[in-house]
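Asker: I'd like to ask you about the structure that follows.
The values are calculated or read from the model by the stated rules, or taken from the named source; none is laboratory data. In this text, all values refer to a predicted model and were calculated from it rather than measured experimentally. Note that each Cβ is placed from the backbone with ideal geometry, even for glycine, and that neighbours are counted across all protein chains shown.
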Amino acid sequence: MDQKTLVLNWKSNKTPLEAKSFLEKIPDNFDPSCKMILCPDFLSIPVCSEVIKNKKINISLGAQDISRFGKGAYTGEVSGSALSEFVEYVIIGHAERRLLFNETEEIIKEKVLQAKKNNLKVILCVENAHQLDGVGGDIVAYEPVSSIGTGKVEEASKIESVFQELKNYTSSSLLYGGSVNYNELSDLKEVKNLSGFLLGSASLDVENVLNIAKSL
Ligand code: PGA
(Lines give C-alpha, C1' and ligand atoms only; values in the text may rest on other atoms or scores of the structure.)
Protein backbone atom coordinates (compact mmCIF):
# COMPACT_ATOMS: atom_id res chain seq x y z
CA MET A 1 0.00 0.00 0.00
CA ASP A 2 1.22 3.53 -0.80
CA GLN A 3 2.38 5.57 2.15
CA LYS A 4 -0.43 7.85 3.30
CA THR A 5 0.07 11.48 4.36
CA LEU A 6 -1.34 12.96 7.56
CA VAL A 7 -1.25 16.74 7.90
CA LEU A 8 -1.87 18.05 11.43
CA ASN A 9 -3.17 21.61 11.31
CA TRP A 10 -3.18 22.96 14.84
CA LYS A 11 -4.51 26.36 13.70
CA SER A 12 -4.26 28.83 16.65
CA ASN A 13 -5.06 26.22 19.28
CA LYS A 14 -1.75 25.61 21.04
CA THR A 15 0.72 27.87 22.82
CA PRO A 16 4.44 27.04 22.43
CA LEU A 17 4.42 25.31 25.85
CA GLU A 18 1.39 23.21 24.90
CA ALA A 19 3.02 22.35 21.58
CA LYS A 20 6.13 21.20 23.41
CA SER A 21 4.19 19.08 25.86
CA PHE A 22 2.25 17.40 22.99
CA LEU A 23 5.51 16.35 21.33
CA GLU A 24 7.06 15.24 24.60
CA LYS A 25 4.28 12.66 24.91
CA ILE A 26 5.33 11.03 21.63
CA PRO A 27 7.76 8.13 22.13
CA ASP A 28 11.44 8.74 21.29
CA ASN A 29 12.43 7.53 17.80
CA PHE A 30 8.75 7.55 16.74
CA ASP A 31 8.62 6.52 13.10
CA PRO A 32 5.04 6.27 11.79
CA SER A 33 4.28 4.27 8.66
CA CYS A 34 2.47 7.32 7.26
CA LYS A 35 4.14 10.61 6.34
CA MET A 36 3.23 12.98 9.17
CA ILE A 37 3.43 16.76 8.68
CA LEU A 38 2.86 18.90 11.76
CA CYS A 39 1.75 22.49 11.21
CA PRO A 40 1.94 24.55 14.44
CA ASP A 41 1.45 28.31 14.58
CA PHE A 42 4.52 30.41 13.73
CA LEU A 43 5.56 30.98 17.33
CA SER A 44 5.56 27.27 18.17
CA ILE A 45 7.57 26.17 15.13
CA PRO A 46 11.09 26.61 16.65
CA VAL A 47 10.27 24.70 19.84
CA CYS A 48 8.62 21.89 17.84
CA SER A 49 11.66 21.71 15.59
CA GLU A 50 13.94 21.38 18.62
CA VAL A 51 11.88 18.64 20.33
CA ILE A 52 11.50 16.67 17.09
CA LYS A 53 15.29 16.75 16.58
CA ASN A 54 16.11 15.86 20.19
CA LYS A 55 13.67 12.96 20.32
CA LYS A 56 14.57 11.76 16.81
CA ILE A 57 10.89 11.70 15.83
CA ASN A 58 10.09 11.20 12.16
CA ILE A 59 7.64 14.08 11.72
CA SER A 60 8.07 16.88 9.17
CA LEU A 61 7.20 20.46 9.98
CA GLY A 62 4.98 22.81 8.04
CA ALA A 63 3.76 26.38 8.51
CA GLN A 64 0.10 27.36 8.28
CA ASP A 65 0.76 30.42 6.14
CA ILE A 66 3.51 32.41 4.42
CA SER A 67 3.94 36.06 3.55
CA ARG A 68 3.04 36.98 -0.03
CA PHE A 69 6.13 39.24 0.09
CA GLY A 70 9.81 38.38 0.40
CA LYS A 71 12.14 39.67 3.12
CA GLY A 72 11.75 43.37 3.76
CA ALA A 73 9.64 46.13 5.27
CA TYR A 74 6.43 44.14 5.80
CA THR A 75 5.49 44.59 9.44
CA GLY A 76 3.93 41.54 11.02
CA GLU A 77 4.66 39.16 8.13
CA VAL A 78 6.70 35.95 8.25
CA SER A 79 8.77 35.53 5.10
CA GLY A 80 9.40 32.33 3.19
CA SER A 81 13.10 32.64 3.87
CA ALA A 82 12.51 32.77 7.64
CA LEU A 83 10.22 29.73 7.39
CA SER A 84 12.71 27.79 5.29
CA GLU A 85 15.12 27.69 8.25
CA PHE A 86 12.61 25.53 10.13
CA VAL A 87 9.96 23.94 7.91
CA GLU A 88 9.73 21.85 4.78
CA TYR A 89 6.05 22.50 3.99
CA VAL A 90 3.55 25.35 4.04
CA ILE A 91 -0.25 25.29 3.94
CA ILE A 92 -1.61 27.85 1.47
CA GLY A 93 -5.20 28.73 0.65
CA HIS A 94 -6.90 27.23 3.70
CA ALA A 95 -10.61 28.12 3.70
CA GLU A 96 -10.20 30.04 6.96
CA ARG A 97 -7.62 32.30 5.28
CA ARG A 98 -9.77 32.73 2.20
CA LEU A 99 -12.87 33.57 4.26
CA LEU A 100 -11.61 35.36 7.38
CA PHE A 101 -8.56 37.08 5.90
CA ASN A 102 -9.93 37.81 2.43
CA GLU A 103 -7.26 35.85 0.60
CA THR A 104 -7.94 36.05 -3.11
CA GLU A 105 -6.70 33.73 -5.87
CA GLU A 106 -4.12 36.44 -6.67
CA ILE A 107 -2.75 36.48 -3.12
CA ILE A 108 -2.68 32.67 -3.05
CA LYS A 109 -0.66 32.62 -6.28
CA GLU A 110 1.83 35.11 -4.79
CA LYS A 111 2.19 32.96 -1.68
CA VAL A 112 2.78 29.83 -3.76
CA LEU A 113 5.48 31.74 -5.64
CA GLN A 114 7.17 32.76 -2.39
CA ALA A 115 7.05 29.15 -1.18
CA LYS A 116 8.65 27.92 -4.41
CA LYS A 117 11.36 30.60 -4.25
CA ASN A 118 12.27 29.31 -0.81
CA ASN A 119 12.09 25.61 -1.68
CA LEU A 120 9.07 25.00 0.52
CA LYS A 121 6.60 22.31 -0.49
CA VAL A 122 3.05 23.60 -0.83
CA ILE A 123 -0.01 21.97 0.71
CA LEU A 124 -2.68 23.77 -1.29
CA CYS A 125 -6.19 23.71 0.16
CA VAL A 126 -9.09 24.00 -2.26
CA GLU A 127 -12.83 23.65 -2.18
CA ASN A 128 -13.23 22.83 -5.84
CA ALA A 129 -11.27 22.21 -9.02
CA HIS A 130 -11.56 25.85 -10.21
CA GLN A 131 -9.33 26.93 -7.34
CA LEU A 132 -6.55 24.93 -9.01
CA ASP A 133 -6.73 27.04 -12.14
CA GLY A 134 -3.26 28.51 -12.70
CA VAL A 135 -1.93 27.42 -9.32
CA GLY A 136 -0.57 24.14 -8.01
CA GLY A 137 0.64 22.44 -4.88
CA ASP A 138 2.93 19.54 -4.10
CA ILE A 139 -0.01 18.21 -2.11
CA VAL A 140 -3.61 19.26 -2.74
CA ALA A 141 -6.19 19.03 0.05
CA TYR A 142 -9.87 19.05 -0.83
CA GLU A 143 -11.61 20.79 2.05
CA PRO A 144 -15.31 21.55 1.71
CA VAL A 145 -16.25 24.53 3.92
CA SER A 146 -19.42 22.75 5.00
CA SER A 147 -17.24 20.07 6.65
CA ILE A 148 -14.51 22.16 8.29
CA GLY A 149 -15.09 22.23 12.04
CA THR A 150 -18.73 21.18 11.69
CA GLY A 151 -18.51 17.47 12.54
CA LYS A 152 -20.09 16.70 9.14
CA VAL A 153 -17.70 14.64 7.06
CA GLU A 154 -18.25 14.85 3.29
CA GLU A 155 -19.82 11.77 1.65
CA ALA A 156 -17.17 9.39 0.32
CA SER A 157 -18.84 9.38 -3.11
CA LYS A 158 -18.73 13.20 -3.28
CA ILE A 159 -15.04 13.24 -2.31
CA GLU A 160 -14.35 10.70 -5.02
CA SER A 161 -16.09 12.77 -7.68
CA VAL A 162 -14.31 15.99 -6.64
CA PHE A 163 -10.97 14.10 -6.73
CA GLN A 164 -11.82 13.03 -10.26
CA GLU A 165 -12.23 16.71 -11.24
CA LEU A 166 -9.07 17.74 -9.39
CA LYS A 167 -7.14 15.17 -11.39
CA ASN A 168 -7.88 17.18 -14.54
CA TYR A 169 -5.72 19.95 -13.08
CA THR A 170 -3.05 18.20 -11.02
CA SER A 171 -1.09 15.00 -10.63
CA SER A 172 -0.21 15.87 -7.01
CA SER A 173 -1.32 13.63 -4.19
CA LEU A 174 -4.84 14.37 -2.97
CA LEU A 175 -5.90 14.65 0.66
CA TYR A 176 -9.30 15.12 2.21
CA GLY A 177 -9.88 17.46 5.17
CA GLY A 178 -13.01 18.40 7.12
CA SER A 179 -14.10 16.88 10.46
CA VAL A 180 -11.97 13.76 9.95
CA ASN A 181 -11.68 11.65 13.07
CA TYR A 182 -10.79 8.08 13.98
CA ASN A 183 -14.35 6.77 13.63
CA GLU A 184 -14.75 7.77 9.98
CA LEU A 185 -11.44 6.44 8.79
CA SER A 186 -12.57 3.03 7.58
CA ASP A 187 -15.13 4.56 5.16
CA LEU A 188 -12.86 7.37 4.03
CA LYS A 189 -9.88 5.11 3.40
CA GLU A 190 -11.87 3.43 0.61
CA VAL A 191 -12.06 6.68 -1.39
CA LYS A 192 -10.35 6.23 -4.77
CA ASN A 193 -7.19 8.33 -5.33
CA LEU A 194 -7.04 9.37 -1.67
CA SER A 195 -3.48 9.84 -0.38
CA GLY A 196 -4.30 10.91 3.16
CA PHE A 197 -5.96 13.43 5.42
CA LEU A 198 -5.67 16.94 6.79
CA LEU A 199 -6.76 16.96 10.42
CA GLY A 200 -7.88 20.04 12.33
CA SER A 201 -9.53 19.39 15.69
CA ALA A 202 -8.60 15.68 15.64
CA SER A 203 -4.91 16.71 15.57
CA LEU A 204 -4.98 18.38 18.99
CA ASP A 205 -4.91 15.25 21.13
CA VAL A 206 -1.76 13.16 21.02
CA GLU A 207 -3.40 9.76 21.70
CA ASN A 208 -5.94 10.45 18.98
CA VAL A 209 -3.22 11.35 16.50
CA LEU A 210 -1.18 8.22 17.34
CA ASN A 211 -4.28 6.03 16.89
CA ILE A 212 -5.15 7.61 13.56
CA ALA A 213 -1.55 7.30 12.35
CA LYS A 214 -1.47 3.64 13.35
CA SER A 215 -4.64 2.84 11.44
CA LEU A 216 -3.54 4.38 8.11
P1 PGA B 1 -11.44 20.07 11.21
O2 PGA B 1 -10.51 21.07 10.40
O3 PGA B 1 -10.79 18.72 11.10
O4 PGA B 1 -11.44 20.60 12.59
O5 PGA B 1 -12.76 20.10 10.53
C6 PGA B 1 -10.08 20.68 9.15
C7 PGA B 1 -9.41 21.80 8.43
O8 PGA B 1 -9.57 22.96 8.75
O9 PGA B 1 -8.69 21.54 7.52
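Asker: Pairs only if they're at least six apart or on different chains, beta carbon under 6 angstrom, first in region 183-203 and closer than 17 Å to Ser147 by Cβ and modelled with pLDDT of 95 or more, second part of a helix (DSSP H, G or I) and of a type outside the set (Gly, Ala, Ser); list them, first residue then second.
Answerer: Val191/Ile159; Val191/Glu160; Ala202/Asn208; Ser203/Val209
Asker: Let me ask another. Is it fair to say Lys111 is at pLDDT 95 or above, of a type in the set (Lys, Arg) and crowded, with 21+ Cβ neighbours inside 10 Å?
Answerer: yes
Asker: Identify all residues within region 59-107 that are aliphatic (A, V, I, L, M) and either on the phi > 0 side of the Ramachandran plot or assigned to a strand (DSSP E or B) (or both); write none if there are none.
Answerer: Filtering region 59-107 down to residues aliphatic (A, V, I, L, M) leaves 59, 61, 63, 66, 73, 78, 82-83, 87, 90-92, 95, 99-100, 107.
Passing the criteria: Leu61, Ala63, Val90, Ile91, Ile92.
Asker: Another one. Are any of the residues in region 57-80 under 14 Å from Leu175 (Cβ atoms), within 16 Å of the ligand (Cβ to nearest atom) and buried (at least 19 other Cβ atoms within 10 Å of the Cβ)?
Answerer: Yes: one or more hits.
Asker: Would you be able to tell me the number of residues in region 114-134 that are part of a strand (DSSP E or B) and among the charged types (D, E, K, R)?
Answerer: Count: 1.
Asker: Could you count how many residues in region 86-144 are of a type in the set (D, E, K, R) and within 21 Å of Ile45 (Cβ to Cβ)? Lay out the reasoning, then the answer.
Answerer: Within region 86-144, the subset of a type in the set (D, E, K, R) is 88, 96-98, 103, 105-106, 109-111, 116-117, 121, 127, 133, 138, 143.
The next check asks that each one be within 21 Å of Ile45 (Cβ to Cβ); those that pass are 88, 96-97, 103, 111, 116-117, 121, 138.
Result for region 86-144: 9.
Asker: Let me ask something else about it. Inspect region 155-171 for any residue being part of a helix (DSSP H, G or I), under 16 Å from the mean Cα position of the chain (by Cα) and within 16 Å of the ligand (Cβ to nearest atom) and give the result as yes or no.
Answerer: No.
Asker: Would a scan of region 182-201 turn up a residue that is part of a loop (DSSP other than H, G, I, E, B), over 16 Å from the mean Cα position of the chain (by Cα), β-branched (Val, Ile, Thr) and closer than 18 Å to Asp65 by Cα?
Answerer: For region 182-201, residues part of a loop (DSSP other than H, G, I, E, B), over 16 Å from the mean Cα position of the chain (by Cα), β-branched (Val, Ile, Thr) and closer than 18 Å to Asp65 by Cα: absent.
Asker: Quick one: is Lys116 under 22 Å from Ser67 (Cα atoms), more than 14 Å from the ligand (Cβ to nearest atom) and without any contact (Cβ under 8 Å) to a residue 12 or more places away in the chain?
Answerer: Considered against the rule, which asks whether it is under 22 Å from Ser67 (Cα atoms), more than 14 Å from the ligand (Cβ to nearest atom) and without any contact (Cβ under 8 Å) to a residue 12 or more places away in the chain, Lys116 comes out as yes.
Asker: Could I ask something else about it? Which residue, of Ile139, Ile159, is crowded, with 22+ Cβ neighbours inside 10 Å, within 24 Å of Gly80 (Cα to Cα) and at pLDDT 95 or above? Write out each step before concluding.
Answerer: Values: Ile159 fails: within 24 Å of Gly80 (Cα to Cα).
Selected residue: Ile139, the only one of Ile139, Ile159 that is crowded, with 22+ Cβ neighbours inside 10 Å, within 24 Å of Gly80 (Cα to Cα) and at pLDDT 95 or above.
Asker: Moving on to the next point. Give the residue, chosen from Gly137, Gly151, that is part of a loop (DSSP other than H, G, I, E, B), touching a residue at least 24 places away in the same chain (Cβ under 8 Å), within 16 Å of the ligand (Cβ to nearest atom) and under 17 Å from the mean Cα position of the chain (by Cα).
Answerer: Gly137
Asker: (1) assigned to a helix (DSSP H, G or I); (2) within 14 Å of the ligand (Cβ to nearest atom): which one isn't true of Asn211, the others all being true?
Answerer: (2) is the only condition that Asn211 fails.
Asker: Six or more apart or on different chains, Cβ under 6 Å: which pairs go from a residue in region 2-28 that's part of a helix (DSSP H, G or I) to one that's of a type in the set (Gly, Ala, Ser)? Could you list them?
Answerer: Once the first residue is part of a helix (DSSP H, G or I) and sits in region 2-28, its partners that are of a type in the set (Gly, Ala, Ser) give Pro16/Ser44; Ala19/Ser44.
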